[in-house]
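Colleague: First the structure, then my questions, so here it is.
The values are calculated or read from the model by the stated rules, or taken from the named source; none is laboratory data. Bear in mind the structure is a predicted one, so any value in this text is a computation, not a measurement. Just so you know, the surface numbers come from the protein's heavy atoms only, side chains and all, with ligands and any DNA or RNA stripped out. Shrake-Rupley method; radii C 1.70, N 1.55, O 1.52, S 1.80 Å.
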Amino acid sequence: GAEVTRPARPSRLRTLLIGAGIVAVLGILVLLWQRFMPEQWTSARQLGQLLRSLTALPLGPLYVVGAYALLASAFVPITALITGVALVFEPAQAFAYALGGSLSSALLSCALGRVASGLVLRRMQTPKLKRFREQLHAHTFSATVTARLLPLGNFSATNLLAGALAVPLLPFLLGNLTGMLFGIAGITLLTKRLITTFAKPTPQNIALAALLLAGLIGASLALQRYLSRRQRAGTETDASGHG
């Protein structure tokens, strides 16, 4: 029979380290914002202020989403964009802008990947992207969700790769929506909680920030394990069907 290639299982330690890294980065950003003058703001806050300035224009929200999508498609780190809008907008607005901009960027980059598929596939030959390419082609929805649970790494590169592979558009968009809902909500809530904690570092605020972080990491691990099981089950079913 054909040998079954099992998708790599998500590393629990790696996920914990990523979660701790997110908190460290966000904490540093918020601390710099609290302690320094405006001319020394971090790039994340400057991005947020740039997007906020567009709200004064007619149809301002559409400009915000469009500018966010263009910046993300131009390889601006997606985490910096999400943090930027979380720093300058109210939570509901920040969530809506980040989600709308991220999905729009995914569509734009995917379309560009389809147009320039040969160039994209030639340039994306790293082992990590090759593994993701195999999973994305075989399990579009679950692979996309897993890639978006913690919005790190090269957001635009994976979208370009999806377009170049001509993956089914609907499961790709649904995977982005599902994964980004979790990632954007988590970063937005965590940013706001860290702002409150740095402004008023009471035991209660510190405990709430720690509980929120633990909940986000736990939910991410649980969802990653579930998707990994589904991918393995699908791979084994396909192999037995062809055996």
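Colleague: Rolling a 1.4 Å sphere over the protein heavy atoms, what is the accessible area per residue of the range 137-227, to the nearest Å²?
Modeller: Ligands and nucleic acids excluded, the result is 41 Å² per residue.
Colleague: Keeping the other protein chains in place, figure out the carbon and sulfur percent of the accessible area of the range 152-201, with a 1.4 Å probe.
Modeller: 75 percent
Colleague: Within the accessible area of the range 60-147, what % is carbon and sulfur when the probe is 1.4 Å and the other protein chains stay in place? If you can, show how the numbers build up before the last one.
Modeller: Working: 2740 of 4090 Å².
C and S fraction of accessible area: 67 percent.
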